[in-house]
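Asker: Sending over a structure as structure tokens; questions will come in a sec.
The values are calculated or read from the model by the stated rules, or taken from the named source; none is laboratory data. Everything numeric in this text was worked out from a predicted model, so none of it was measured. Heads up, the Cβs are rebuilt from the backbone with ideal geometry, glycines too, and the neighbour counts pull from every protein chain shown.
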């Protein structure tokens, strides 16, 4: 056994804001490494959305007719929104695991910024979403996805989706911190995600749904975001949907951010 | 440097709105540069004490300072001078050993130029160099525990909290960890060790506090604690339990304390071992009972514990077992 060297620990002198940013990056990096290393999480994040694209394009697609637009053009913007929402479940699972494995406890005894655990998690999920967005865009182009909205509008659509997903992920952070374990976190997340995803304009037109479902399906945030993204990508009218989607995002972070934060203060 | 690494005065910590008193008026003085042992069974309040001193949990009442700094008023200053290795090796199993240390270094706000060589040094010291680039998922329990300890040491903290560091380890891994702890203390580190293993406390700790149900029931050096119980334990092994019972009745008066009978083994705590042994042998022989073994041994801390609490150290205390893990209503703020 070698002896410990006599070098004294060198602490960097930085402002507390820079330290907070550095801590968030450290935590986000750690989460992304885990994402790449756990095969199931990679499959969940990347392979599953590709399967959805192929499933709807080639299996269900023949049955779904959307007037005035090819189904693949209609589908891809919706799949992108759906994938980001499903990704938020990962936020809940990841935080629940950290909490119950005692890792957060170790972090609490370190001189790091306290908020870095939550912020790092939501930021790494944001980065994952950017990656998934690129992959699906490429897959989409390979199966005849042809957006006509122009590059600036395409980018705007992406930013809108990412913003919405980021804001919503704070709600799933709350679920992750409130659940007794990661399995429960996952089990609670899906009943929240499913109605928002499937009773929406993501895969089919709301006008094809029964009358009682339409008011919800039309006005719920996921439909609004999907309408906005689809309009921007395809170059069709977006109406008020972009502003409504942004309003939902702001509303989500204003309500869910403090909710997750106060839960974090209680449990960690 | 203040005289005491840790000074805790009249610490009380309740859970579930006061229903459970996990710590009940505990006062500790931990001297610098030695191992201080916090001994007790599960649920006795050891972990709660460590969590308060490492700024994870606030005390309900009482005051505590770590190296002269108040744990409630300046938790951030304390976090820079402590290391914490937990009961459950809290390392990230999706990262490699080296990545774990780098992460902890960076969250300790240390320069990369320090953390990189320091991580190498620790991995080497703890025999993990060969596994440095493997994810922790592939590590054995002993390796995880060593990495956990290494992570606590990245910033070279003068004070180390070790919360049941060897629980669940095989004997060899335990010996290895003990050697590491002894080496750290030789180099000047102060260690606050909690354990439910009396052997461990006996081997490592210079001073001990015995906790039971959140209260201190004894303190002193392990030698002092043992002396409190008379000098020697006489262990008689009989051929069968009926003989053991009869034998125990025959020689009951050789000790002022009741015997500990476990199947065919009968143990007496006695003042003068050899004299009591000779006396016991004579009387058992006269009654025509055959012994299969007789040992005279120094009392272990197990004997002390049994004597102080009426139950064995490894038995969980009957109440408030998992309180610290489940009820965490009042947390420390940063």
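Asker: Read through the list (1) free of Cβ contacts under 8 Å to residues at least 40 places away in the same chain; (2) buried (at least 24 other Cβ atoms within 10 Å of the Cβ), then give the number of the only condition that residue B:145 fails.
Answerer: (1)
Asker: Something else now. Is it the case that residue B:129 is on the phi < 0 side of the Ramachandran plot, in contact with a strand residue (DSSP E or B) (Cβ under 6 Å, 6 or more places away or on another chain) and within 11 Å of chain A (Cβ to nearest Cβ)?
Answerer: So residue B:129 fails the test.
Asker: Follow-up question, since we're still on this one. Is there a residue in segment A:48-55 that is within 14 Å of chain B (Cβ to nearest Cβ), free of Cβ contacts under 8 Å to residues at least 60 places away in the same chain and within 18 Å of residue A:169 (Cβ to Cβ)?
Answerer: No - not one qualifying residue is present in segment A:48-55.
Asker: So in segment A:33-47, with the set limited to residues that are more than 10 Å from chain B (Cβ to nearest Cβ) and either touching a residue at least 60 places away in the same chain (Cβ under 8 Å) or surrounded by fewer than 17 Cβ atoms within 10 Å (Cβ to Cβ) (or both), which one is farthest from the chain's Cα centre (by Cα)?
Answerer: Selected residue: A:39.
Asker: Look through A:77, A:147 and report the one residue that is more than 14 Å from every other protein chain (Cβ to nearest Cβ) and in a helix (DSSP H, G or I).
Answerer: Going through A:77, A:147 in turn, just one is more than 14 Å from every other protein chain (Cβ to nearest Cβ) and in a helix (DSSP H, G or I): A:77.
Asker: Take the residues of segment B:39-61 that are out of contact with any helix residue (DSSP H, G or I) (no Cβ under 9 Å at 6 or more places or on another chain) and surrounded by fewer than 22 Cβ atoms within 10 Å (Cβ to Cβ): which is farthest from residue B:87 (Cα to Cα)?
Answerer: Across segment B:39-61, the extreme among qualifying residues is B:61.
Asker: Could you look through segment A:1-24, keep only residues that are at the interface with another protein chain (Cβ under 9 Å from one of its Cβ atoms) and modelled with pLDDT of 85 or more, and pick out the one that is surrounded by the most Cβ atoms within 10 Å (Cβ to Cβ)?
Answerer: Checked segment A:1-24; the qualifying residue surrounded by the most Cβ atoms within 10 Å (Cβ to Cβ) is A:23.
Yes or no, residue by residue, for (1) touching a residue at least 12 places away in the same chain (Cβ under 8 Å); (2) facing chain A (nearest Cβ under 9 Å):
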position	(1), (2)
B:45	yes, no
B:84	yes, yes
B:97	yes, no
B:103	no, yes
B:108	yes, yes
B:113	no, yes
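Asker: Could you identify the single residue in B:72, B:35, B:26, B:66 that is more than 8 Å from chain A (Cβ to nearest Cβ) and either surrounded by fewer than 22 Cβ atoms within 10 Å (Cβ to Cβ) or at pLDDT below 95 (or both)?
Answerer: So the residue among B:72, B:35, B:26, B:66 that is more than 8 Å from chain A (Cβ to nearest Cβ) and either surrounded by fewer than 22 Cβ atoms within 10 Å (Cβ to Cβ) or at pLDDT below 95 (or both) is B:72.
Asker: Now a separate question. For residues that are within 11 Å of another protein chain (Cβ to nearest Cβ) and either under 20 Å from residue B:179 (Cα atoms) or more than 27 Å from the chain's Cα centre (by Cα) (or both), tally how many sit in segment B:132-149.
Answerer: 2
Asker: Need a quick list: strands (runs of 3 or more DSSP E) entirely within segment B:187-302 having at least 1 residues that are buried (at least 21 other Cβ atoms within 10 Å of the Cβ), in contact with a helix residue (DSSP H, G or I) (Cβ under 8 Å, 6 or more places away or on another chain) and modelled with pLDDT of 85 or more.
Answerer: The strands (runs of 3 or more DSSP E) meeting that bar are B:190-195, B:207-212, B:232-238, B:265-270.
Asker: Please verify whether segment B:155-170 includes one or more residues that are in a helix (DSSP H, G or I), closer than 28 Å to residue B:52 by Cβ and in contact (Cβ under 8 Å) with a residue 60 or more places away in the chain.
Answerer: Looking for residues that are in a helix (DSSP H, G or I), closer than 28 Å to residue B:52 by Cβ and in contact (Cβ under 8 Å) with a residue 60 or more places away in the chain, one finds none in segment B:155-170, hence no.
Asker: Look through A:79, A:93, A:64 and report the one residue that is modelled with pLDDT of 90 or more and either surrounded by fewer than 20 Cβ atoms within 10 Å (Cβ to Cβ) or more than 27 Å from residue A:21 (Cβ to Cβ) (or both).
Answerer: A:79
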